[in-house]
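As structure tokens, the structure follows; a few thoughts come after it.
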Amino acid sequence: MLATYHYVAFCDSGSFTSIGDWFMEFFDIAHVLHSGAGNKNAFKGLIAAEYSGVKVELVKNFEMGVSNKTPEFLKMNPLGKVPVLETPDGPVFESHAIARYIARLKDDNPLLGSSRIEQAHVEQWMDFAATEVDPGVAWYLYPRLGYIPYVQVTEETAITALKRSLGALNTHLASNTFLVGHSVTLADIVMTCNLYHGIARILTKSFTSDFPHVERYFWTMVNQPNFKKVMGDVKQADSVPPVPKKTAPAKEPKAKDVKKEAPKEAPKPKVAEAPEEEEAPKLKPKNPLDLLPPSKMILDEWKRLYSNTKTNFREVAIKGFWDMYDPEGYSLWFCDYKYNDENTVSFVTMNKVGGFLQRMDLCRKYAFGKMLVIGSEPPFKVKGLWLFRGQEIPKFVMDEVYDMELYEWTKVDISDEAQKERVSAMIEDQEPFEGEALLDAKCFK
């Protein structure tokens with residue numbers, strides 16, 4: 001009767017939403033998290049619990065592949081995935097659902113955002129971490145650990161996608177300490193945990209140095225007391241794990257040594273299981289540009305020549321470009337901004353061009369570009385030159401980079417000496433350009 005009185009009193013006061021919540025608090029019983037100790041998806045709920053003052057205990061002696069296959073576990077999650085949170089009201093699986101559940105046990109929890117727009121932004125960055133960052137890390141790391149077959153093209157695609165995602169994250173963090181607002185939220189917890197295995201196991205300093213704001217953010221997060229209590233000391237990978245060696249097929253016995261017996265079914269090769277909660281992200285199809293016939297022009301060699309030429313640019317870099325250029329494997333395009341009358345403020349115009357180049361990062365493997373801001377007085381003109389793999393502007397660029405529609409695109413006819421000279425002048429940042437001062441020049445390489 002005493003317990004019933006307390007339950008009614010607490011419910012009337014609005015402190016608890018279920019008998020289960022009251023029971024856990026009144027008797028100081030912890031929620032139980034089923035997972036291995038090093039699972040980055042389990043970290044999300046455990047860190048959320050530290051910030052929320054919620055008691056969550058990690059189940060002891062959990063063995064992946066054994067504990068998660070028992071009938072008792074499969075009743076909580078029929079797919080046998082981890083983590084699973086055992087609560088008095090029933091089990092919860094999927095790491096983000098677990099983290100949200102734990103955060104909601106505390107009234108007005110700042111982890112969820114302090115306004116509707118902040119709550120939306122928290123969800124936004126949690127989704128970004130799950131759909132943009134996590135797949136890139138997984139498809140780069142897991143094949144090298146032997147969890148899934150290694151394919152070089154798949155790895156190159158994963159690295160390109162991951163760099164694009166980290167580039168977008170780096171831009172946001174250039175002016176923000178946290179992803180949302182001015183304190184840690186679930187977005188920071190999820191993002192940091194999804195970066196954790198990458199930075200700890202495969203993303204070396206040479207990789208992450210291109211994203212200094214992401215570096216600063218990650219090391220700030222993992223050294224927060226509530227993160228450190230769960231994750232321990234985090235160290236960055238010193239090297240990239242080697243590609244697993246393929247097992248040589250067994251030699252077939254000679255015919256005279258084979259005894260006559262019923263043929264046996266060949267054993268199926270075993271593939272190690274990935275130790276994470278979610279299945280490995282679905283493999284993206286090959287980029288159509290990777291299926292084009294090989295080109296004699298090696299784009300990276302041209303980019304190195306461009307970057308390393310400091311003197312005699314016309315004689316060295318420009319001559320080298322035309323020596324390398326393969327009109328069958330690549331095409332050149334001029335672009336002219338359609339709305340130059342809007343370009344009345346110099347820094348706004350330059351920022352507009354900078355944003356365009358950031359969004360073009362998805363095609364860095366297949367393109368080189370120069371963007372010029374022209375004029376000494378407003379309105380300023382924006383013109384560009386782009387080198388693309390193939391004979392057309394890649395469809396995925398037209399589909400995904402909205403800026404493309406803001407420009408008029410004209411394919412270069414290199415048989416026209418005037419157009420060819422204009423290409424050289426734009427690569428060289430020639431000033432004056434077409435009789436006008438050059439306010440700014442940006443390179444995409």
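The values are calculated or read from the model by the stated rules, or taken from the named source; none is laboratory data. Keep in mind that what you see is a predicted model, and the values were worked out from it rather than measured. Note: ideal-geometry Cβ built from the backbone for every residue, glycine included; neighbour counts use all protein chains shown. When the accessible area is computed, the model is the full protein with side chains, heavy atoms only, and any ligands, DNA or RNA have been set aside. Shrake-Rupley method; radii C 1.70, N 1.55, O 1.52, S 1.80 Å.
Screening the candidates ALA120, ALA99 for the property of being over 30 Å from VAL243 (Cβ atoms) and open to solvent by less than 30 Å² (accessible area, probe 1.4 Å) yields one hit, ALA99.
Inspect the range 80-87 for any residue being surrounded by fewer than 18 Cβ atoms within 10 Å (Cβ to Cβ), farther than 17 Å from PHE43 by Cα and not assigned by the TED database to the domain that holds ALA187 and give the result as yes or no. The answer is yes; a qualifying residue exists. Can you tell which of GLY45, GLY36, GLY136 is touching a residue at least 12 places away in the same chain (Cβ under 8 Å) and not in a helix (DSSP H, G or I)? Every option except GLY36 fails the conditions. The set of residues in the range 139-168 that are more than 22 Å from GLY355 (Cα to Cα), touching a residue at least 12 places away in the same chain (Cβ under 8 Å) and of a type in the set (A, V, I, L, M) comprises LEU141, LEU145, ILE148, VAL153, ALA158.
Look at MET297 and say whether it is open to solvent by less than 50 Å² (accessible area, probe 1.4 Å), modelled with pLDDT under 95 and closer than 30 Å to PRO143 by Cβ. Answer is no for this residue. The set of residues from the range 211-227 being more than 23 Å from the chain's Cα centre (by Cα) and either of a type in the set (Asp, Glu) or open to solvent by 60 Å² or more (accessible area, probe 1.4 Å) (or both) comprises just one member, PRO225.
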